[in-house]
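Novice: The structure's right below; bear with me while I get my questions together.
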Amino acid sequence: MSDAAPQETGKQHETRPFQAEVSRLLDIVANALYSNRDVFLRELIANGADACDRLRYLALTEPELLAGESELRVELHPDAAARTLEIVDTGIGMSRDELVENLGTIAHSGSAKFLSQLGDKKAEVDLIGQFGVGFYSAFMVADSVEVFTRRAGDSHGWHWRSDGRSGFTVEETVAAPARGTRILLHLKDDAGDYAEPARLQHIVKTYSDHIAVPVKLVRAEGGSTAGADGAPETLNAAGALWARPKGEIDEAQYKQFYRDATHAFDEPWHTLHFKAEGTLEYTGLLFVPAMRPLDLFDPNRRGGVKLYVKRVFITDDCSEVVPSWLRFLRGVVDSEDLPLNVSRELLQNNPVLAKIRQGLTKRVLGELEKKADKEPEAYVVFWEAFGPVLKEGLYEGDAQQDTLLKLARFKSTAVPANENGGWTSLADYLGRMPEGQAAIYILTGDDLDQLARSPQLEGFKAKGVEVLLLSDPIDDFWTARVGEVEGKPLRSVTRAGAELDKLGGEGAAEDGAAETPEETEKLLVALRTALAGKVKDVRASRRLTDSPVCLVADEGDIDLHLARLLKQHQRLDDTPTRILELNPKHSLITALAGKAESDAETVQEVGLLLLDQARILEGEPPLDPAAFSRRLAELVAKGL
Ligand code: ADP
């Protein structure tokens, strides 16, 4: 069938444009983004299988939904003569609204955002290939796609059609299957081989072998390739791989399952297959991906772990199976103890599920610990992708806090970048800590490079005191929540200046170092007046060795970076005023000190410049950019 138009009822015909991001995506897809176009079939089969899974679940409570066609399956109908391929499923189908919503927009807002920002560089474009483009990948091989669908239990069927360019049309049709979805691809001139049975057999074996519903090949009538008995031939293994004993499964099969069943495009970084026996019985086949998905921080992201009960799919949208800070996991959990007709409401706060979650969490963290010990280099790859998410567990105060702290890795002033990627553990930090150091020193910010150059670090570096550099947004929050590690408080260096004198290393007890020269005292007094209302105080610094100034938070005041973060998120109205610290040994400060009493105007002008300079170093704009620029110009002109 190449055109179903005569069968339309003509009711509710509507033409719609695609969401802007879809158009962008289709542009990329149509221009053969993938070197491997075969994956379109995997995507469409996976969608069909998902639709079957969702129907099977609904039918547990509404068995009449299966009326007329109880077998859940996906069929492929190639027609080489017409150069078409149909992918048919007996799954849940779509209502009109679902059709418009699902096949006109991009569901995951994370991916949509990513796409809207995507440039034309090949490397960027290639990236999306690694995350899959779902249904829209049909346009890699087809220049026109039709979808006929009827939602289980509905009397109306719908026809969607698009050339993948301008938009799509939807109208009612009598040509929809009795239940489920039929996708008709009008193959491109150079894609005719996807209507060849042998080609399809090969692709299904390669990409969809472990899809849990049968994928059947229905050969074109009269075709010379009809099966021996004319019956459709099942192409895939269609079993629940996770239910098979570990010893019978090889690595390639796991990998393939990962891709078939979890819509993943990368290779699993780690695979975990286990059976828990005892009070509760469940099987887990879980994968830690190698790459961070685009929507990992999208609050509406669907979970990657599917919940099954006795081999029956229940849901892939259950936040109770794994804690949210393990949301990067993909795979399957299959419980023997939950009732088959468990409703989604029942899954919430379900004690069985809570135990399963605990058990899974422990196992996963245990595996991560092993990896961290035995393969530190590979572990760092994991940490770079998913560390920021694991740290959310620390913030939530999870029972596994101690293990999470063991797993955490940090950049540090004491570890060179070429040593294990510059990452260190807390245990190593504590191991290097000299006697007498009472705290673990940290500095939080948005950007590692900027942190490493922060003037706040100068005094600590000079004294050889190691500082951990933390640049994830969650860092300010979990460190505040955790408070201390092995009895050592986590202290921000922006607040710890006063402790520097007591810290070990050379120059620890430099005589008279704590005394402020009289000249500087005078300058401090003059600047306190000049900067009144703009800073809380002006003090001589012990932490600065190279820079003339920096801003610090007063004891008890909120940390500088945390205040900025909260302000960005409208969680804080007023940032407390800060303390400006001066480096009494810096030539600029000594020169200015010489004018403290004689030239109030210069002290004022340079004072304001120094304050703005300190703000810029903190990643904040000058108080008044125009005035800053004028002052700078005037002073430079004077000096020339
Ligand atoms: P994804 O599968 O990643 O959500 P797709 O673009 O492949 O993205 O599909 C978008 C949505 O369209 C799916 O989430 C699903 O709700 C719906 N859909 C796609 N194909 C089918 C199908 N064969 N039957 C029912 N619903 C489908």
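Novice: Give me the one-decimal nm value for the distance between modelled label points at A626 and A198, 7 Å along each residue's Cα-to-Cβ direction.
Specialist: 7.7 nm
Novice: Can you pull the percent of the chain's accessible area that's carbon plus sulfur, 1.4 Å probe, other chains left in place?
Specialist: Working: 14300 of 29150 Å².
Roughly 49 percent of what the probe reaches on the chain is carbon or sulfur.
Novice: Not counting the cut sites, what is the longest span of the chain without GluC sites (Glu not before Pro) that DSSP labels loop and that have at most 11 other Cβ atoms within 10 Å?
Specialist: Numbers: sites that count: E71, E221, E277, E419, E435, E486, E506, E510, E515, E555.
The longest such stretch corresponds to 72-220.
Novice: For segment 519-606, state what percent of all Cα-Cα pairs lands in each successive 5 Å bin, counting from 0 Å until the bin that includes the largest distance.
Specialist: 3, 15, 22, 21, 16, 11, 8, 4, 1, 0
Novice: Any idea which of I579, P621, L280 is furthest toward the positive side of the dipole for the chain, if Lys and Arg beta-carbons carry +1 and Asp and Glu beta-carbons -1?
Specialist: So the residue furthest toward the plus end is L280.
Novice: Taking the Cα centre of the chain as origin and charging only Cβ (+1 Lys, Arg; -1 Asp, Glu), how large is the dipole, in debye to the nearest 20?
Specialist: In total the dipole reaches around 300 debye.
Novice: A follow-up question, please. Hand me the trypsin sites (Lys or Arg not before Pro) from segment 267-337 located in a DSSP loop with no more than 16 other Cβ atoms within 10 Å, in residue order please.
Specialist: Working: sites: K275, R301, R302, K306, K310, R311, R327, R330; in loops: R301, R302, K310, R311, R327.
Here the sparse-neighbourhood loop sites are R302, K310, R311.
Novice: Per-residue HN-Hα couplings for segment 187-197, Karplus 6.51 cos²θ - 1.76 cosθ + 1.60 at θ = phi - 60°, whole Hz, x for Gly and Pro?
Specialist: 5, 5, 3, 8, 10, x, 5, 6, 9, 8, x
Novice: For segment 409-639, give the share of DSSP beta bridges that are antiparallel, in percent and rounded to the nearest 5; count only bridges with both residues there.
Specialist: 50 percent
Novice: Under a Cβ-Cβ cut-off of 12 Å, what is the net charge of the residues other than R630 that fall near it, where Lys and Arg count +1 and Asp and Glu count -1?
Specialist: On the way: positive: R631; negative: E605, D612, D624, E634.
Surrounding charge for R630 is -3.
Novice: Please list 3J(HN,Hα) in residue order for segment 445-457, calculated via the Karplus relation 6.51 cos²θ - 1.76 cosθ + 1.60 where θ = phi - 60°; whole Hz, with x for glycine and proline.
Specialist: Once θ is set to phi - 60°, the couplings for segment 445-457 become x, 8, 9, 4, 4, 5, 4, 4, 9, 5, x, 4, 8 Hz.
Novice: Place a point 7 Å from Cα of K246 in the direction of its Cβ. Which residues in segment 358-399 have their backbone N less than 12 Å from it?
Specialist: 367
Novice: Still on this model: If amide H atoms are built 1.01 Å from N in the plane of the peptide, which residues on other chains or at least 5 residues away come under 5 Å of the amide H of L582?
Specialist: Here R539, A540, S541 satisfy the definition.
Novice: DSSP beta bridges in the chain, what fraction antiparallel, as a percent rounded to 5?
Specialist: Details: 66 of 86 bridges.
Taking every DSSP beta bridge with both residues in the chain, the antiparallel ones total about 75 percent.
Novice: Follow-up question, since we're still on this one. Pull out the extension gain between E98 and K638, defined as 0.36 nm times the separation in residues minus the alpha carbon to alpha carbon distance; nm, one decimal. If you can, show how the numbers build up before the last one.
Specialist: Numbers: separation 540, 0.36 × 540 = 194.40 nm, distance 6.96 nm.
Value of the extension gain: 187.4 nm.
Novice: Between segment 254-296 and segment 518-574, how many Å separate their Cα centres?
Specialist: 49 Å
Novice: Let me ask something else about it. If you place +1 on the Cβ of every Lys and Arg and -1 on the Cβ of every Asp and Glu, how big does the dipole about the Cα centre of segment 409-639 come out, in debye to the nearest 20? Intermediate values should be presented prior to the final figure.
Specialist: Values: 28 positive and 40 negative charges, 63 e Å.
The calculation lands at about 300 debye.
Novice: Find the percent of Cα-Cα distances in the chain that exceed 41 Å, and round it to a whole number.
Specialist: Working: 89001 of 204480 pairs.
The answer is 44 percent, as a whole percent.
Novice: Right, something else. Which distance in Å, rounded to a whole number, links the C-alpha centroids of segment 35-71 and segment 364-413?
Specialist: 37 Å
Novice: Run the simple label-point estimate for A438 and D537 please: 7 Å along Cα→C-beta, distance reported in nm.
Specialist: Result for the modelled spin labels: 1.9 nm.
Novice: Which one, V493, P416, G157, is farthest towards the positive end of the dipole of the chain when Lys and Arg carry +1 and Asp and Glu -1 on their Cβ?
Specialist: Most positive-ward Cα: G157.
Novice: Can you tell which of L468, L592, A637 lies farthest toward the positive end of the dipole of segment 409-639, using +1 and -1 charges on the Cβ of basic and acidic side chains (Lys, Arg; Asp, Glu)?
Specialist: A637
Novice: In addition: Pull up all non-local amide H partners of V309: gap of 5 or more, or a different chain, and H-to-H distance under 5 Å with H placed in the peptide plane.
Specialist: I314, S335
Novice: Could you name the aspartates and glutamates whose alpha carbon sits less than 16 Å from that of K188, not counting residues in the same chain fewer than 8 places away?
Specialist: Partners within reach: D3, D27, D38, D79, E86, D143, E146, D163, E196.
Novice: Return the long-range amide H neighbours of W269 (sequence gap of 5 or more, or a different chain), with a cut-off of under 5 Å between placed amide H atoms.
Specialist: Under 5 Å from the amide H of W269 lie the amide H atoms of V288, A290, each far enough along the sequence or on another chain.
Novice: Kirkwood hydrodynamic radius for segment 243-379: how many Å is it when counted over pairs of different Cα atoms?
Specialist: Numbers: mean 1/r = 0.0646 Å⁻¹.
In segment 243-379 this quantity evaluates to 15.5 Å.
Novice: Something else: Can you tell me the accessible area per residue over segment 182-294, all protein chains present, probe 1.4 angstrom, in square angstrom? Before the final figure, lay out each step's value.
Specialist: Values: 5020 Å² over 113 residues.
For segment 182-294, the per-residue accessible area is 44 Å².
Novice: For segment 596-635, what is the charge dipole size about the Cα centre, in debye to the nearest 20, if Lys and Arg each add +1 at the Cβ and Asp and Glu each add -1 at the Cβ? Intermediate results must be reported in sequence, preceding the final value.
Specialist: Working: 3 positive and 9 negative charges, 34 e Å.
My answer is approximately 160 debye.
Novice: Among the listed pairs K463/K534; K275/K310; K391/K411, give every one whose C-alpha distance is greater than 20 Å.
Specialist: Numbers: K463/K534 31 Å; K275/K310 13 Å; K391/K411 14 Å.
From the list (K463/K534; K275/K310; K391/K411), the Cα-Cα distance tops 20 Å for K463/K534.
The values are calculated or read from the model by the stated rules, or taken from the named source; none is laboratory data. Remember, it's a predicted structure, so these values are computed and weren't measured experimentally. Cβ sites come from the backbone with ideal geometry, for glycine too, and all protein chains shown count toward neighbours. SASA here: full protein model, heavy atoms, side chains in, ligands and nucleic acids out. Shrake-Rupley method; radii C 1.70, N 1.55, O 1.52, S 1.80 Å.
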